[in-house]
Amino acid sequence: MAERIAEEKIDQIRQAVDIVEVISDYVQLKKQGRNYFGLCPFHGESTPSFSVSTDKQIFHCFGCGAGGNVFSFLMELEGMSFQEAAIKLASKVNIDLEINLPSAVSGKKVSAELQSMLDAHELLRKFYHHLLVNTKEGQHALEYLLGRGFTRESIDKFQIGYSLNSWDFVCKFLTKRDFAPEWMEKAGLMIKRERDGTYFDRFRDRIMFPIFDRHGNTIAFSGRSLGAEEPKYLNSPETAIFNKSKILYNYHLAKPSIKKAQHAVLFEGFADCIAAERSGVENGIATMGTSLTDEHIALLRQSVQSVTICYDSDKAGIEAAYRAGNHLHDAGFQIKVAMMPDGQDPDDYIKKNGPDKFRNEVIGASLTWMAFKFLYFRRGKNLQNEGDRLAYIEVIIKEISRLDKAVERDHYLRQLSAEFSLSLDALKQQQQQIFFAEKRKSTGKNEPFQKPLVIPKPVKELKPKHYQAERCLIAHMLKNRDVAYKVQELLAGNTFNIDEHQAIITYLLGFYEDHLEPDSSAFLTYIQDDNLRRMVANIEMMAINDEISNQELTDYIKQVLNYQKLLKIKEKEVELKEAERQSDFGKAAAIGDEINQLRKLL
């Protein structure tokens, strides 16, 4: 069993760590007032409802209810135990925990098999790179790369290597170092022969591009042939440590540049990403031969909300850019699309035209998402043909009607009007008709064509007075130790009506026995129940006065205590009706007197 971390060390970590800095590694945050806001990493959303308080060192999502402190954030997002989160945070701020640390110091423990896979990939990455840059066997591969525009700097940065022209060198190399062949087969580094059960190398006589995960661990390879040998690129299969739908190539290296620029450039393959980096585009990332996935989106959202898509300009590339753009747009990203001319890919364009032109005339001249759709929907149409022209105009108006901002809608309608010499008023009228037609289709209601109604989003059921009073009292108790004891005194042995609220103040009074000052983050660690922790984070985000007056305090307590009396009145009213039904008028009168006395106490 792992050694327990001392309580004073936990407090030391909490005081040294800034929750905003930690969460910024996962969520792009923007300051609004005293708090920071971003898109919640715990549920999909396009409007930021995730709030982080630097004063209280807590977070809360008003959408899904997630909340807590820096420890619970890592525990929920990374699936860590409390100790693992503490170890990771201690490492971040260079605090010596003075305990025997578990082997997986900064995250979840991995099995011996998975660790062996990671270690083998790391070892081979270094070996392949050494072969390329330091040996006679790799000289021809190095000359090939240099002849194709690669520099020694980019070769070193991306740790490009070379695999020997041998059927079993890697098998012997790894087996000699006690890597189990059956595990290495699962890792995609070896292949097992069916005829005799022996193993041979997957990669032979190829330029090796290592694939890294978000933390910089080598998890796979892509091997490029040096000549006409097929396939041109031979990739690692998907394994327990490599899943293409979760990996963005170069993310670990590009993340600082992405955060600095507040922008990412998305390529379709790692070769384009490397070529773009040689041109000075350091915030480039790439998918690994797969469409953009929800996992990719979640990873991107941790760093940025603005993306330029730079895919090939052939038919497949444009279709892929359209799909990726829609996915990013639905997730709330701001999108641009860099158009490659003449069916070229970024790598070919840079070789032909140079890095400056690529940066300025491709990336720098990117189209807005709507401008790209203007081009996308006119492909394959003869706009001299009346039918094609009208069909194109209709689909573009439909896209324009989906824009949120009136200024954007007006801009693109004017552009359409100018291009086809159409009445702007007619276009606006058709745009409104399409808007309401789509709205009726989505709601299933036959609404009359008229000025749009402002329909508020459904709100949560209004809570009763005693519920709100208890929350306000807790909010002030969390803020002031004296108020907490004052509330306990005024309750005079009574309890809160909501069980969870009573549990919170029971925890809080216990917390104040050991802590002289309020500390939101420390209290969240003190609470053992995840649900209560979320409720406290939600209450902490309530807007309350700095101080509570005696009158306000008395009113809240009255609302809490009155609820029990109201319940008693309802109970007596039921008894009264039963007595009247049985014609027991004496009993009914007595119950009526009790009800009147209870009402006077309210």
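Structural remarks
- The condition of being open to solvent by 60 Å² or more (accessible area, probe 1.4 Å), on the phi > 0 side of the Ramachandran plot and assigned to a loop (DSSP other than H, G, I, E, B) holds for D178.
- Test: residue in segment 225-233 that is touching a His at 6+ places or on another chain (Cβ under 9 Å) and not β-branched (V, I, T): yes
- Subset of segment 300-334 (residues that are of a type outside the set (A, V, I, L, M) and assigned to a helix (DSSP H, G or I)): R301, K315, G317, E319, Y322, R323, G325, N326, H327, H329, D330
- Residue list for segment 526-578, filter: open to solvent by 70 Å² or more (accessible area, probe 1.4 Å), under 41 Å from the mean Cα position of the chain (by Cα) and more than 18 Å from A484 (Cβ to Cβ): Q528, D530, N531, R534, A543
- Residue that is nearest to L123 (Cα to Cα) [pool: residues in segment 134-161 that are outside any loop (DSSP other than H, G, I, E, B) and touching a residue at least 60 places away in the same chain (Cβ under 8 Å)]: K157
- Selection from segment 93-118 of residues that are on the phi > 0 side of the Ramachandran plot and modelled with pLDDT of 85 or more: N94
- Among the conditions (1) at pLDDT 95 or above; (2) open to solvent by 70 Å² or more (accessible area, probe 1.4 Å); (3) part of a loop (DSSP other than H, G, I, E, B), the only one that R195 does not satisfy is (1).
- Being outside any helix (DSSP H, G or I) and open to solvent by less than 30 Å² (accessible area, probe 1.4 Å) is a description that applies to F496.
Residue-by-condition table, conditions (1) touching a residue at least 24 places away in the same chain (Cβ under 8 Å); (2) of a type outside the set (D, E); (3) open to solvent by less than 20 Å² (accessible area, probe 1.4 Å); (4) not in a strand (DSSP E or B):
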{"residue": "I5", "(1), (2), (3), (4)": "yes, yes, yes, yes"}
{"residue": "D11", "(1), (2), (3), (4)": "yes, no, no, yes"}
{"residue": "Q15", "(1), (2), (3), (4)": "no, yes, no, yes"}
{"residue": "V27", "(1), (2), (3), (4)": "yes, yes, yes, yes"}
{"residue": "K31", "(1), (2), (3), (4)": "no, yes, no, no"}
{"residue": "F37", "(1), (2), (3), (4)": "no, yes, no, no"}
{"residue": "P41", "(1), (2), (3), (4)": "yes, yes, no, yes"}
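- The set of residues in segment 57-81 being more than 14 Å from the chain's Cα centre (by Cα) and among the aromatic types (F, W, Y) consists of F59, F62, F71.
- Under the condition of being open to solvent by less than 40 Å² (accessible area, probe 1.4 Å), within 15 Å of the chain's Cα centre (by Cα) and of a type in the set (S, T, Y), the residues counted in segment 43-56 number 2.
- Tabulated pairs, segment 481-508, first closer than 17 Å to L561 by Cα, second basic (K, R) and open to solvent by less than 50 Å² (accessible area, probe 1.4 Å), C-beta under 8 angstrom, 6+ apart or interchain: H501/R471
- Residue within segment 379-395 that is touching a residue at least 40 places away in the same chain (Cβ under 8 Å) and either open to solvent by less than 60 Å² (accessible area, probe 1.4 Å) or touching a strand residue (DSSP E or B) at 6+ places or on another chain (Cβ under 7 Å) (or both) present: no
- G343 within 30 Å of F150 (Cβ to Cβ) and surrounded by fewer than 15 Cβ atoms within 10 Å (Cβ to Cβ): yes
- Criterion: modelled with pLDDT under 90, among the basic types (K, R), farther than 22 Å from K336 by Cβ and surrounded by 13 or more Cβ atoms within 10 Å (Cβ to Cβ) - qualifying residue of K428, K439: K439
- Hey, F59 touching a helix residue (DSSP H, G or I) at 6+ places or on another chain (Cβ under 7 Å), closer than 22 Å to M542 by Cα, crowded, with 18+ Cβ neighbours inside 10 Å and aromatic (F, W, Y) or not: yes
- Tabulated pairs, segment 200-223, first open to solvent by 30 Å² or more (accessible area, probe 1.4 Å) and modelled with pLDDT of 95 or more, second among the basic types (K, R) and outside any strand (DSSP E or B), C-beta under 8 angstrom, 6+ apart or interchain: F200/R193
- Checked against the criterion of being more than 15 Å from S306 (Cβ to Cβ), in a helix (DSSP H, G or I), among the acidic types (D, E) and touching an Asp or Glu at 6+ places or on another chain (Cβ under 7 Å), the candidates D347, D342, D356 yield just one match: D347.
- Of the numbered criteria (1) surrounded by 15 or more Cβ atoms within 10 Å (Cβ to Cβ); (2) over 19 Å from V27 (Cβ atoms); (3) hydrophobic (A, V, I, L, M, F, W, C); (4) out of contact with any strand residue (DSSP E or B) (no Cβ under 6 Å at 6 or more places or on another chain), the one A316 fails is (1).
- Considering residues of segment 289-313 that are touching a strand residue (DSSP E or B) at 6+ places or on another chain (Cβ under 6 Å) and not polar (S, T, N, Q) only, the residue surrounded by the fewest Cβ atoms within 10 Å (Cβ to Cβ): V304
- Every listed requirement among (1) free of Cβ contacts under 8 Å to residues at least 24 places away in the same chain; (2) in a loop (DSSP other than H, G, I, E, B); (3) among the acidic types (D, E) is met by E517 save one, (1).
The values are calculated or read from the model by the stated rules, or taken from the named source; none is laboratory data. Remember, predicted model here, so these are calculated numbers, not experimental data. No Cβ is skipped: glycine too gets one built from the backbone with ideal geometry, and neighbour counts run over all protein chains shown. All accessible areas refer to the heavy atoms of the entire protein, side chains included, with ligands and DNA or RNA removed. Shrake-Rupley method; radii C 1.70, N 1.55, O 1.52, S 1.80 Å.
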